[in-house]
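Working notes, structure below.
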Amino acid sequence: MKKSKLIVLIMVVFSLSLGGCSFFNGQSAKKQEMIQIAESKKMKVAIENMLKKLDPKALTPEGKIKSYKISKDDLDYNPMGGLLVKIVINNDEKLVLSTTIQEDATTGKYEETYFGETEELSDLLDKE
């Protein structure tokens, strides 16, 4: 009796460990896919176009937005479609732009569908 309980316990532990490993591998593959999308040329064009709408001189020496970085740890899929992206401006964690970017079905280009900015970024962009 004890031997059969031990065998069942070993099988349960083994099954749970296999299930856990496959779950984490699936999550890792999903994260890698999001990073690949975020680092694509189409995404770069979409983000830079969005930044230039906020600051026409963005990414130039005269602009208020000098640089940007996508926070890879904060990438996630939006349940309504698209990719949720957190963009850090000028290497300052207080200057953050959060956006949802989707692929246009007709053109194949990425476009922002929504964005929000921190108060600090809003203040920077409002300064003359």
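The values are calculated or read from the model by the stated rules, or taken from the named source; none is laboratory data. Treat the numbers as computed from the prediction; the structure is a model and nothing was measured. Please note: Cβ atoms are built from the backbone with ideal geometry, for glycine as well, and neighbour counts cover all protein chains shown.
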Exercise for the section: Could you please give the count of residues in segment 87-105 that are under 11 Å from the mean Cα position of the chain (by Cα) and either over 21 Å from VAL45 (Cβ atoms) or crowded, with 18+ Cβ neighbours inside 10 Å (or both)? Expected result: 4
Practice task
Name the single residue, out of those in segment 12-34 being modelled with pLDDT of 75 or more and aliphatic (A, V, I, L, M), that is farthest from VAL85 (Cα to Cα).
Solution key: ALA29
Exercise for the section: Select from segment 35-80 the residues that are within 13 Å of the chain's Cα centre (by Cα) and either on the phi > 0 side of the Ramachandran plot or polar (S, T, N, Q) (or both) and write down the one among them that is modelled with the highest pLDDT. Expected result: SER71
